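To keep things clear, I will list the structure first and then write my remarks on it.
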């Protein structure tokens, strides 16, 4: 219903020849709302993914990495699976959009509910700030952070979600 209201408002703005800037902001609001709705539908489709009990989210039988949810913000990943995840992080990806945040870090957009990033606990709107306590303010810093932590058995990802700071722990098994 909210999308209908926003679309109606958009039509009114176009008819009144409002500034393009306002129309673009409204279109972005509609896009964010649609993304949030798809996330919520995924939660309803598989509510077990959101319990804090250990469970396998992705299996090794497929080409996807094996990721186990060990707690609210704790995930277990095998070394082999970590190797499968790295290509997802390097190249351009249709599962997530990432852009530099003006206050530092990177903001995530359009994280698809069935994507590897979603399974790793990353959501649309998150601002990724640190990896293993190394600030991520540029592409070079991000690359350096991943390179320095090749042989580490526990990784942390510090992010901001809806104004709250969160730390996600990834245990490499």
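Read-outs: derived from the displayed coordinates by stated rules, not from any lab. Since we're looking at a predicted model, the values are computed, not measured. Because the Cβ atoms are built from the backbone with ideal geometry, glycine has one as well, and the counts that use them run over all protein chains shown.
Hey, can you rank 74-81, 146-153 by average C-beta count inside 10 Å, highest first?
74-81, 146-153
If we sort 22-32, 116-126 on the protection proxy, mean other Cβ atoms within 10 Å, highest first, what's the order?
On the way: 22-32: 13.5, 116-126: 20.5.
Listed from highest to lowest mean packing, they are 116-126, 22-32.
Determine, from the Cβ-Cβ distance of residue 165 and residue 72 and an R0 of 22 Å, the FRET efficiency 1/(1 + (r/R0)^6), rounded to the nearest 0.05. Write out the running numbers ahead of the final one.
Values: r = 14 Å, r/R0 = 0.65.
Given R0 = 22 Å and the Cβ-Cβ separation, E is 0.95.
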